[in-house]
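Undergrad: Here's a structure for you.
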Amino acid sequence: MMTIVRSIPITENGQLIPEAGMLVLGYMMYPNCERSAHQFTRILAEETVAKALDPQYCPGEIMGIIIDDRLVARLILAGEVAQRVCTNHVKEGSANFNRAAHVVAERNANIKTVCGKPLPTDKDRLKATFRTYRATIHFWAAVHNEYLMEDGNSLTGVDVTEKMCGSPEFLGQFLAVAKQFEEMLAEAKPSHNIWSTSELASTIWDFEKLPTLSALPELPETVAALSSYRSQQKS
């Protein structure tokens, strides 16, 4: 399959633009409409300034529209599916997309959002989300990754999207992880089109000096989900 790789314009005249992290997030949210990605970025930048200037800041109504919490939750789960696809491919030489979606749906089935609502774990919908956002799913896989910070705390999920928008240093670490997922997914589950930052980002950060992904032992809930998948296949 021939893949068209397009670059998210995070640099200008060889320099990282101030809103680079927000622009990446804009493309992650709207991979199929560049205009919407840029509109998202402008609104997010304006809201970020407003929040910094006003101690009584309250998000504008438009923020609740362009950042749908349920969609973001589903995209992070779809990113986890992408991680499982990569794991399957590395271990077995096959993406096994259906099993990846089953495992993610099963292991997150009883987890609640911060509002106490169940996560959107329907596996068919997760697969559809993966396909719809395939052009930027490597970034969502990187969002689901866990990042150890200098203070000893770790970041994952929504906290990652907030940090990448405000910290150029962290953005470099995030894009390095996204680049690794981009390369693995190109082999495991190729796509006709993807959005990438790898070429432009490598002129700003030395990816060779940033941490690389490493395989982690399977968590008990993942082992249980794999077992239930095997049981379903036998029945």
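Undergrad: For the chain, with the dipole built from +1 on Lys and Arg beta-carbon atoms and -1 on Asp and Glu ones, taken about the Cα centre, which of 145, 85, 24 lies farthest toward the positive end?
TA: 85
Undergrad: Can I ask one more? In debye to the nearest 20, how big a dipole does the chain give about its Cα centre with +1 on each Lys and Arg Cβ and -1 on each Asp and Glu Cβ?
TA: 1140 debye
Undergrad: A further question on this structure: Between residue 221 and residue 5, what is the FRET efficiency for a Förster distance of 30 Å, r being their Cβ-Cβ separation, to the nearest 0.05?
TA: Efficiency, from the Cβ-Cβ distance: 0.30.
Undergrad: Run the accessible area of the chain with a 1.4 Å probe and give the carbon-and-sulfur part as a rounded percent.
TA: Carbon with sulfur: 52 percent of the solvent-accessible area.
Undergrad: Gain in length, residue 36 to residue 110, computed as 0.36 nm per residue apart minus the alpha-carbon separation, to one decimal in nm?
TA: Taking 0.36 nm per residue and subtracting the Cα distance, the gain is 23.3 nm.
Undergrad: Something else now. For residue 11, which sequence-distant residues (separation of 5 or more, or a different chain) have an amide H within less than 5 Å of its own amide H, given hydrogens modelled in the peptide plane?
TA: So residue 11 has HN proximity to 17.
Undergrad: Right, here's the next one. Report the label-to-label distance for residue 94 and residue 65 in nanometres (one decimal), using points 7 Å from each Cα along the Cα→Cβ vector.
TA: 4.6 nm
Undergrad: A further question follows. Treating only the Cβ atoms of Lys and Arg (+1) and Asp and Glu (-1) as charged, compute the dipole magnitude of the stretch 69-147 about its Cα centre; round to the nearest 20 debye.
TA: Value, rounded to 20: 180 debye.
Undergrad: With each run of n ≥ 4 DSSP H residues scored as -39500 (n - 2.57), what mean residue ellipticity at 222 nm is computed for the chain after dividing by its residue count and rounding to the nearest 500 deg cm²/dmol?
TA: -18500 deg cm²/dmol
Undergrad: Which option, (i) 29, 21, 17; (ii) 32, 23, 19; (iii) 34, 22, 16, is the value of semi-axes √(5λ) of the Cα gyration tensor in Å that was calculated from these coordinates?
TA: Of the listed options (i) 29, 21, 17; (ii) 32, 23, 19; (iii) 34, 22, 16, (i) comes from this structure.
The values are calculated or read from the model by the stated rules, or taken from the named source; none is laboratory data. Keep in mind the model is a prediction, meaning the values are calculated, not measured. Quick reminder, even Gly has a Cβ in these numbers, built from the backbone with ideal geometry, and neighbours come from all protein chains shown. For the accessible areas, the whole protein counts, side chains as well, though only heavy atoms, and no ligand, DNA or RNA atoms are used. Shrake-Rupley method; radii C 1.70, N 1.55, O 1.52, S 1.80 Å.
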